[in-house]
Amino acid sequence: MMQLKLTSKERLVLYGLARYPGLSDIDLATRIDVDRSTIFKSKRKFRDWQLIRLMNVPSGITVGGEILTSIFAKFSPTAPIEVRSESEALLEWIGHPNCVFHTATDTESFSMVYSRSLSDFKSSFDPLIDEYAQKGFIDDIICSHYPFASTNHSADAAVAVNRIFELDRPDLPQELISESSSQLEDMKLTDKDKLTLYAFVKYPMLSDLELSRRTGISRPTISGKRTKFFQNGLLTREANIDWQKICCELITFYRLELGRGVSWEEQETVHTSLRRMGAPLFTYLQRGEAFGAFLSENYTDLKNKVNAEIRTLAEMALIDDPPMLMTMPLDMIVESKRDYAPMVAGMLGIEKEI
């Protein structure tokens with residue numbers, strides 16, 4: 001794939017869209033000090049290049065979820081995608097509505113699954129994992145469960161853009177996001193709330209007028225719910241970027257076990273260290289464990305940065321063992337999915353087609 005050559009202003013616009021994905025062009029121009037006409041032209045180019053897609057990501061607690069599960073799978077060399085595709089389990093796995101994120105090469109895959117409970121996850125995915133195992137597809141598989149109420153996370157697309165293009169931005173996001181607030185847990189969604197939330201997730205770029213036409217809910221109600229959902233944390237806006245088009249070669253998914261007795265404050269130190277291993281995409285942290293993903297330009301860059309950070313964390317007694325790393329060349333990815341809409345429809349019982 002030929003890499004895109006972005007001008008310095010286009011790089012700033014890409015950063016701005018990742019850092020402030022919900023802002024209008026006027027407000028974005030003020031934040032990144034780029035004129036509106038440049039922002040408009042850059043956004044049009046990005047659409048033509050299919051470089052960036054803005055998404056509305058729902059809170060797991062709000063839609064009735066209890067846990068997020070990360071699945072690291074390593075496949076037998078004799079079970080590339082052509083062989084695995086002969087099993088119905090492959091389509092069921094990728095197509096399962098609760099599987100919101102999936103990336104795979106011929107030999108490895110990483111998935112993220114939302115579930116109402118541990119038993120809900122096991123009833124859905126254990127049969128698929130068993131079928132893979134019975135057919136001799138799997139060399140190893142690790143499922144780790146992260147309760148939404150006790151897990152913090154960060155969405156780091158803006159940090160990744162800043163790192164890749166060495167922008168040295170002073171406004172990088174620093175905070176970890178928590179879904180444990182009582183404001184989320186106590187939110188009682190009406191039928192209109194549920195349908196509107198689903199519409200926002202399924203069609204993140206449509207206007208309130210168009211969403212009103214599709215849902216049959218008045219435009220003022222749509223507008224009011226949009227404001228409420230984002231203010232209350234029911235939805236967050238994130239950027240999904242085609243990283244291969246702007247110079248990255250590798251994506252690495254990791255799982256890290258933290259040392260016993262590591263405090264939440266020390267976990268923030270771990271989080272900061274993880275973000276330095278490469279251009280970070282996301283991190284999920286619960287007591288004693290973390291997983292996430294970052295980008296690298298090449299294997300040398302990956303190895304040097306990971307080794308340096310792991311050595312530092314070990315010297316601080318924050319980890320006992322090196323992380324498990326799953327590194328995929330972006331040009332060797334054969335399956336890819338990031339879609340929250342089917343999960344929201346299933347969790348909230350949305351049957352209406354919009």
Tell me whether the range 302-344 comes out rounded, prolate or oblate; compute the Cα gyration tensor, take square roots of the eigenvalues as a ≥ b ≥ c, and use a/c under 1.5 as the rounded threshold. oblate
What number results when the radius of gyration of the range 132-258, computed over Cα atoms, is divided by 2.2 N^0.38 Å? 1.40
Full-extension gain in nm, residue 130 to residue 178, via 0.36 nm per residue minus C-alpha separation: 13.9 nm
Give me the lysines in straight-line cross-link reach of residue 5: C-alpha distance below 29 Å, same-chain residues under 8 apart excluded. 41, 43, 45, 245, 303, 305, 337
Would you mind pulling out the separation of the Cα centroids of the range 82-143 and the range 261-306, in Å? 25
Mind computing the radius of gyration and Dmax over the alpha-carbon atoms of the range 40-144? Å is fine for both. 16.6, 53
Once Rh is set to the Kirkwood radius over Cα pairs, what Stokes-Einstein translational diffusion coefficient, in µm²/s, holds for the range 1-67 at a temperature of 37 °C and a viscosity of 0.692 mPa s? 245
Gyration tensor verdict on the chain (Cα atoms; rounded if a/c is under 1.5, prolate if a/b is larger than b/c, oblate otherwise): rounded
By its C-alpha gyration tensor, with a ≥ b ≥ c as the square roots of the eigenvalues, how is the range 213-328 shaped: rounded for a/c under 1.5, else prolate for a/b larger than b/c, else oblate? oblate
Looking only at lysines whose Cα falls under 24 Å of residue 225's and that sit 8 or more positions away or on another chain, we get 188, 192, 194, 202, 352
Expressed as a rounded percentage, what relative contact order does the range 31-146 have, with Cα pairs under 8 Å and six or more residues apart? 35
Distance-filtered residues of the range 132-174 - backbone nitrogen under 19 Å, label point 7 angstrom along residue 7 Cα→Cβ: 165-167
Please give me, ordered by residue number, the GluC sites (Glu not before Pro) of the range 259-313 that lie in loop per DSSP and have at most 13 other Cβ atoms within 10 Å. none
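Taken together, the values in this text are just the output of simple stated rules run on the coordinates, not laboratory data. Here the structure is a predicted model, which is why all the values come from computation and not from measurement. All Cβ positions, glycine included, derive from the backbone under ideal geometry; neighbour counts span all protein chains shown.
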